[in-house]
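Written out below as structure tokens is the structure these notes cover.
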Amino acid sequence: MNIALGTIPFGTTVGQQDTFAILDRFHEAGGTMLDTANNYPFWVEGRSGDESELAIGAWLAARGNRDEIFISTKAGARPTVPGDTTLDSAEGLSAPAVAKAAEGSLRRLGTDYIDVYWAHIEDRSVPFEETLGAFNELAQQGKVRSIGASNIATWRLERARNVSATRGWLPYTYVQMRHTYLRPRPLAQLPEMGHRLVTDELLDYLAAEPDLTLWAYNTLMFGAYTRPERPIHDVYDHPGTTRRLAVLREVAKELGATPNQVVLAWLMADGIVPIVGVSTMAQLDEAIGAADLKLDTELRARMDSAS
Ligand SMILES: NC(=O)c1ccc[n+]([C@@H]2O[C@H](COP(=O)([O-])OP(=O)(O)OC[C@H]3O[C@@H](n4cnc5c(N)ncnc54)[C@H](OP(=O)(O)O)[C@@H]3O)[C@@H](O)[C@H]2O)c1
């Protein structure tokens, strides 16, 4: 299944028993990819940011299935001041910060390797040579199998990949950004700290770089496609949204699927890995239902052309 499970609420608002049940069901349905970070959910008062990784680590230990799971975790955005709920004291991406972050994640996850290790945010105070050198060292030590960049400008991603290529280091082969079917207004600001939206330039770059895979987050806009109490965010407030929502509902009806499932299928049809955050079994089942949903060329063209 080409869907990654988001894990922000695991170990906090979703307790251990429900976390285990959700992870069990996801895995039974063929899901392998789990997305976490070394700081989820530090922005919630009273949380350290250890919780999500610890919850996954506990499940992996209880099930003894580490080798069946693809773990994605991230470094760079963990506060260094305990209790800081902003990114002001973020650890950043210096070589010592990356090495320390990796040790912490490996310990909490109870594993000796990470399948894809991400730079969670940009740290422009550190040269790429230093960050990528640190990632490469982790790879040489067998602690990291592949690397990615999240919330990065496309020109910086291209530059980073060049640095790695020139030095023969492990390159970024994953990029993780906020992305969904609705298109944001250009230059619109997001309220969430550190989040960056996919741009047309990034999609163009991805089309030319077959070794690079996009993982998209906030694909379901916190449930706003289907939940009237969750309004669609302002960044999508323009006439194209009305047209996209109309096509989305039409296609969902024709396929006997839900709008959420069509959004996920639309992303997957382009080779994108959608990350889906769930807090209930019903939400998980809906996402799993998208894995088998195929959009033919005509439907995709209709969805793409609504703007
Ligand atoms: N790289 C980054 O900077 C970054 C940033 C953000 C997120 N992420 C990753 O992406 C994952 C998901 O992100 P996200 O939580 O921002 O976005 P999301 O997946 O769009 O939203 C998840 C929330 O949407 C609601 N939801 C999910 N499925 C639903 C359904 N079928 N029907 C109705 N509501 C549904 C649930 O809200 P309730 O729980 O309130 O019911 C759920 O917690 C995270 O867990 C994380 O792994 C990465």
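Bear in mind these aren't lab numbers, they're just calculated from the coordinates by the rules spelled out. As the structure is a prediction and not an experimental result, all values here were calculated from the model. Note: ideal-geometry Cβ built from the backbone for every residue, glycine included; neighbour counts use all protein chains shown.
A few points about this structure:
- The GNM of the chain, with springs linking C-alpha atoms under 10 angstrom apart, assigns the highest mean-square fluctuation among N162, N136, N39 to N162.
- If the segment from R230 to E103 were pulled out straight at 0.36 nm per residue, it would be longer than the present Cα-Cα gap by 41.9 nm.
- The calculated 222 nm mean residue ellipticity attributable to helices in the chain amounts to -12500 deg cm²/dmol, summing -39500 (n - 2.57) over DSSP H runs of n ≥ 4 and dividing by all residues.
- Rg and Dmax of the chain, based on Cα coordinates, read 18.9, 53 Å.
- Stretching S125 away from T297 to a fully extended chain increases their span by 57.4 nm, per 0.36 nm per residue minus the current alpha-carbon distance.
- Extension gain for the segment V81 to H195, taken as residue separation times 0.36 nm less the Cα-Cα distance, is 38.9 nm to one decimal.
- Packing rank of 47-57, 194-204, where each peptide gets the mean count of other beta carbons within 10 Å, highest leading: 47-57, 194-204
- Sequence-separation-based contact order of the range 140-189, relative, with Cα cut under 8 Å and 6+ spacing, percent: 43
- Gap separating the Cα centres of the range 133-190 and the range 211-276, nearest whole Å: 24
- Relative contact order (percent, whole number), the chain, Cα cutoff 8 Å, 6+ residue spacing: 16
- Partner lysines whose Cα lies under 29 Å from the Cα of K100, excluding those fewer than 8 positions away in the same chain, are identified as K74, K143.
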